[in-house]
Amino acid sequence: MTHRLNTNKQFMIGNGILAFAVIIVVVIFVYMSMRVQQQKKDDHHFSETYTFILERGFADDSVRLLVNDSLLIDRHIAQMPFSIQVKRFAEHSALLIVDVETDQLSLFDLSEQGGTYRFEKENGEVKLLGH
């Protein structure tokens, strides 16, 4: 009785095991890469702050202040000047000032270095005075 080697079958089994090992290695590297990216994203804290000062023209108005999509205040401004300070929490930020009565929106880009922004309202239009 002679023993014949089935080389084609052995070759196919070897290739299958090798392909399975390669797939497992790729999955491990993708998982590790995603985990490192998430840790980098979570570890990023900003030290800059924004100070918003509503000076003239906002008295007796109802105003909403939003940074990006986060509501800071939604209130009636009784006395001037009104000031609020916020810590920076995103890479790129924009300030939205909404007049509640007229639904007029004013949009301002914010610096990545933080800073103080002064606003006045004249004839229903919000203007940036300085930063």
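Things worth noting here:
- The strands (runs of 3 or more DSSP E) found wholly in the stretch 16-131 and carrying at least 3 residues that are free of Cβ contacts under 8 Å to residues at least 24 places away in the same chain occupy 70-77, 104-110, 125-130.
- Summed over the stretch 89-101, the residues that are under 23 Å from His45 (Cα atoms) and either surrounded by fewer than 19 Cβ atoms within 10 Å (Cβ to Cβ) or not assigned by TED's automatic domain parsing to the domain that holds Glu112 (or both) give a count of 6.
- Conditions (1) under 19 Å from Ser47 (Cβ atoms); (2) surrounded by 13 or more Cβ atoms within 10 Å (Cβ to Cβ); (3) of a type in the set (S, T, N, Q): number failed by Gln104: (1)
- Qualifying positions in the stretch 69-88 - exposed (fewer than 14 other Cβ atoms within 10 Å of the Cβ) and either in contact with a Pro (Cβ under 6 Å, 6 or more places away or on another chain) or not β-branched (Val, Ile, Thr) (or both): Asp69, Ser70, Leu71, Asp74, Arg75, His76, Ala78, Gln79, Ser83, Gln85, Lys87
- The stretch 107-131, subset crowded, with 17+ Cβ neighbours inside 10 Å and of a type in the set (Lys, Arg), residue farthest from Glu48 (Cα to Cα): Lys121
The values are calculated or read from the model by the stated rules, or taken from the named source; none is laboratory data. Since the structure is predicted, the reported quantities are computational estimates derived from the model, not experimental observations. Because the Cβ atoms are built from the backbone with ideal geometry, glycine has one as well, and the counts that use them run over all protein chains shown.
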